[in-house]
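Contents: one structure, followed by commentary.
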Amino acid sequence: MSKRKDRARFLAQKEQNPDYTGFRGQGQSSGATTEAPLESITCSRCGRRRNVAAGVVLEHPDDYVCATCQEELDSEAEGASVPADEQPADEEAG
């Protein structure tokens with residue numbers, strides 16, 4: 001959108017709601033929670049750098065596994081564990 005249209009939309013919103021501060025607002029809103037500071041850590045499985053809470057870096061400095069890799073590990077574990085009723089039955093010696 002053009003700046004003119006953005007400004008017109010903002011003024012229309014402001015007219016309907018005098019407390020409207022815009023999409024991003026001005027500073028933090030009163031209901032916002034303070035977020036934990038983030039630090040970079042490298043995933044031990046895929047090697048990508050991820051921004052995580054500072055506490056996670058302290059807990060897992062060398063063995064951190066990112067959420068994407070963790071989902072892959074979980075799906076692999078689910079695929080490997082087949083319920084007993086779905087496993088092929090051993091043929092009986094007859």
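Read-outs throughout are calculated quantities, based only on the coordinates presented, and are distinct from any laboratory measurement. Source: prediction; values computed, not measured. Cβ: placed from backbone, ideal geometry, glycine included. Neighbour counts: every protein chain shown.
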Between Lys14 and Glu59, what is the label-to-label distance in nm when each label sits 7 Å out along the Cα-to-Cβ direction?
4.5 nm
Would you kindly calculate the translational diffusion coefficient of region 39-79, applying Stokes-Einstein with the Kirkwood radius from alpha carbon pairs, for 25 °C and a viscosity of 0.890 mPa s, and quote it in µm² s⁻¹ without decimals?
233 µm²/s
